[in-house]
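Peer 1: Okay, handing you the structure first.
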Amino acid sequence: MIKNALVKVKDAPPYTPELEGKVLLNSMARASIDPKTGSYTFKENMVTKVQFDEANVKAVSDIISGGGLADADSDALVGVGVDQGTWRTSYSSDGYSL
């Protein structure tokens, strides 16, 4: 704060006009810091393919195929982290309480 470096106002986007379409249409585009200027910029060689982490696919498929998520008493799948409630659809006479 002593050097007034809290906010640096920019007057141009962090990409060149040639890269504008590639940056705006690529959800994987990431800016990186330029050590010369200290500003973030987009480079010419951006990642365009999503890398999937398939480390847990086999473990999850084994659990599901073995009935690991089923209730032992009813053979029904058990919900995880989802609260299901009963909602009253009629309003009271004052129109405010449910």
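Peer 1: Output the qualifying pairs, or none if there are none: Cβ atoms under 9 angstrom, residues six or more apart or on different chains, first residue in the range 27-50 and free of Cβ contacts under 8 Å to residues at least 24 places away in the same chain and within 18 Å of Asp11 (Cβ to Cβ), second residue assigned to a strand (DSSP E or B) and polar (S, T, N, Q).
Peer 2: Listed by first residue and then by second, the contacts come to Ala31/Thr41; Asp34/Thr41.
Peer 1: Quick one: how many residues across the range 1-57 are in a loop (DSSP other than H, G, I, E, B) and among the hydroxyl-bearing types (Ser, Thr, Tyr)?
Peer 2: 6
Peer 1: In the list Leu69, Leu25, Leu6, which residue meets the criterion of being surrounded by 10 or more Cβ atoms within 10 Å (Cβ to Cβ) and either modelled with pLDDT of 60 or more or touching a helix residue (DSSP H, G or I) at 6+ places or on another chain (Cβ under 6 Å) (or both)?
Peer 2: Answer to the selection: Leu69.
The values are calculated or read from the model by the stated rules, or taken from the named source; none is laboratory data. Nothing here was measured: the structure is a model prediction, and the numbers come from that model. We place every Cβ from the backbone using ideal geometry, glycine too, and count neighbours over all the protein chains shown.
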